[in-house]
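Asker: Here's a structure for you.
The values are calculated or read from the model by the stated rules, or taken from the named source; none is laboratory data. These numbers come from a predicted model, not from an experiment. Cβ placement follows ideal geometry from the backbone for every residue including glycine, while neighbour counts extend to all protein chains displayed. Accessible surface is based on the protein model in full, side chains and every heavy atom, while ligands, DNA and RNA are left aside. Shrake-Rupley method; radii C 1.70, N 1.55, O 1.52, S 1.80 Å.
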Amino acid sequence: MTHDEIIESIKAQYNRDLRKQLVKSLLEHEKNKDQAAIKSGYQIMNQIFSYVLNQLGWTITDNASKWDSSPLDIMSTVFPKLETTQWFAQQQLNVKKSIELKMAEEAK
């Protein structure tokens, strides 16, 4: 699927108000440190993110030499203000760590 097709697919499954509410809830729960609610919200975002990665055929192995931020770009396009959440920051850190590990393995 193309980026636009993935974006439209997610928008078709989650209407605008629901997408905005997901992000708003995440931000609120992160601020209040409500761990149970954060975990639930993260699970939803992780499922959607997994769908995006799958549709793009995106893997660390293929993208280790040059960072391709397409999956996170799609998520931030579909979910306004998602980049302000801790979930988004964690995804960026996870990818950075994975790339660093992959690069270290290749250097051996």
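Asker: So which residues in segment 74-91 are touching a residue at least 40 places away in the same chain (Cβ under 8 Å) and among the aromatic types (Phe, Trp, Tyr)?
Answerer: Result: 79, 87.
Asker: Residue 30 - would you say it is open to solvent by less than 50 Å² (accessible area, probe 1.4 Å) and either modelled with pLDDT of 95 or more or not acidic (Asp, Glu) (or both)?
Answerer: Taking the combined requirement at face value, the residue satisfies it.
Asker: Let me ask you something else. Out of the residues in segment 1-27 meeting the condition of being touching a residue at least 60 places away in the same chain (Cβ under 8 Å) and among the charged types (D, E, K, R), tell me which one is least open to solvent (accessible area, probe 1.4 Å).
Answerer: The extreme case among them is 19.
Asker: Another one. Residues being modelled with pLDDT of 95 or more and over 17 Å from residue 88 (Cβ atoms): count how many of those fall in segment 41-54.
Answerer: Adding up the residues that qualify gives 0.
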